[in-house]
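Just below is one structure, and these are the notes that go with it.
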Amino acid sequence: MGKNKSINIKKYKAKRGLNVGTVIFAAVLIYLLANIILSLTSKKLTTYEVREGSILKDNSYTGLALREEIVVPCDSEGYINFFENNGSKLGYGSKTYAITTDQLDFDSEKDQEAKELSAKEKDDFVMRIQNFNESYSSQKFSAVYSLKNEIDNIIYKSSAQTKNSQLDSFISNNNIPAVTYTSNDNGIMGYTIDGYEGVTPDTIEKKHFDASNYKPINRKDNDQVSKGDPAYKLVTDEKWFIMIPISKETAKELEEKKVIKTRLNKENINIWADFSIEKIKGDYYGKLEYNNSLIRFVNDRFIHVELIVEDESGLKIPKNAVVEKECYEVPEKCITSGGNTSDTGVLLKGRNNNVKFQEVKVLKNGENGTVFIGADDFKENSTIVVPDSNDALVLKDKKTLTGVYNVNKGYAEFTQVTILCESDDYYIIKDSDLYGLHNYDQIAQDANSVKEGEIIF
């Protein structure tokens, strides 16, 4: 019998194929871990979006209004009634007031209709409004106040004429004994008399600014008066002043100012004034001189006024964003293009007098045909050659430019700025500078948190 043959069966491990899903998962996991590590270890940079803005710097004071004023006394006793409204313009010989022995009772005249504007006044009214509509600009909003004053003057004049004729008519129709007085000068009538009428910018004192005991007389119709009492005041000159008390330090800051923009808060209007500093008995005063708008303030003595010393608009940036950079100022003719590119640069002379192109960025235009380039692009005493000539320039004298780090391109790039004015935390800089910032640019909010050329994640 043949021998039984035995067969040995050996098991071999099958080779596993590469799992694509596992590889992709591992790659994604590594990418996520790398980004987490980078975000945890990388420097945090806060950016700031440049926007248009403005800075208004002003100083507020309570000033004293001074005018050329005459107090007109009553010539007899009795009850005073005025022919003209408070703030009316008077001509020489105009009826001003009447004195009667008894109070006048105007109740019987209440049923009379108010005087309408004349056809001429209505035409003038419409014409002024049409002119305003045709020429109005939102950038010149002050024109609204001018229109308001013109309309007020038309109505005011009509009202004054009505009052004049009504008082005349009332006295004659009721057979009331009355003594009528006229103006001895031209000017503006005011019903408020306060004892400051004789004060001038040269005679002002600290005590005049104490309003705690200020008690003016405000005349009105049917006031009982005695002979010699003040009837009204007459302002005889359109020029008037506001005096403000200031410190020695403020006087020094403003000593170069000859004209200044002011805001008078009663009417909320801005008016330019001639400005000077007066030193009287050791005290400093700012003297504001006006040649218009007197009629609107004829009865005001204490006026709240703001001196607008700076009012600038432009791009607003935080102060922390500003950094300085050393530069060279070179003639613009030194700047050229390199090879087939549009990159700007200069021709740099080497040790063996060979010349090579070095790319540089123009940071700012200077005066008289010069430009600024960064000093850190060159070694000290480097020599650059003027293209198409034998002229050369050794870079020696460094200058300083003020700028910020612009991060629009993903890295910190120095960009020069021209500062117009400042507040405690912000600068207003020039808008649309050739090599400057523009609206909506992104900059490093803190210049110390980044270096020039650093990549921004």
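Read-outs throughout are calculated quantities, based only on the coordinates presented, and are distinct from any laboratory measurement. Note that the structure is a prediction, hence the values are computed from the model and not measured. Ideal geometry is used to build each Cβ from the backbone, glycine not excepted, and the neighbour counts take in all protein chains shown.
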Can you compute the charge dipole magnitude of segment 322-449 about its Cα centre, using +1 on each Lys and Arg Cβ and -1 on each Asp and Glu Cβ, nothing else charged? Give it in debye, rounded to the nearest 20. 660
Among I419, V404, F357, flag the residue with its Cα farthest along the positive direction of the charge dipole of segment 322-449, charges on Cβ as +1 for Lys/Arg and -1 for Asp/Glu. F357
Strictly over 30 Å apart at the Cα level, which of K281/K319; K215/K252; K316/K451; K399/K430; K89/K257 would you flag in this model? K281/K319; K215/K252; K89/K257
Can you compute 3J(HN,Hα) from phi for each residue in segment 385-394, using the Karplus curve 6.51 cos²θ - 1.76 cosθ + 1.60 with θ = phi - 60°, rounded to whole Hz and x for Gly and Pro? 9, 6, x, 6, 7, 9, 6, 9, 9, 8
Is any residue of segment 59-75 close enough, with backbone N under 18 Å, to a label point placed 7 angstrom from the Cα of T101 along the Cα-Cβ axis, and if so, which? 75
Spelling it out for Q445: with amide H atoms placed in the peptide plane at 1.01 Å from N, the residues 5 or more places away or on another chain with amide H under 5 Å from its amide H are T46, T47, Y48
Approximate spin-label separation N173-E422, in nm, with each point projected 7 Å along Cα-to-Cβ: 7.2
Which far-off residues, 5 or more places away or on another chain, put their amide H under 5 Å from the one on S276, with H placed in the peptide plane? K287
Kirkwood hydrodynamic radius (C-alpha pairs) into Stokes-Einstein, segment 197-314, 10 °C and 1.306 mPa s, D in µm²/s: 97
Provide T62, T418 in ascending order of the number of other Cβ atoms located within 10 Å of each residue's Cβ, fewest first. T62, T418
Let me know the shape class of segment 322-449, please: from the alpha-carbon gyration tensor, a ≥ b ≥ c as square roots of the eigenvalues, rounded when a/c is under 1.5, otherwise prolate if a/b is greater than b/c, or oblate. prolate
Take S54, project a point 7 Å from its Cα along the Cβ direction, then tell me which residues of segment 258-272 have their backbone nitrogen under 17 Å from it. 261-265, 268-272
Residue by residue through segment 192-202, the couplings from Karplus 6.51 cos²θ - 1.76 cosθ + 1.60 with θ = phi - 60°, in Hz, x for Gly and Pro, are 9, 10, 10, x, 8, 4, x, 7, 10, x, 7
Counting every Cα pair in segment 391-457, what percent are over 19 Å apart? 43
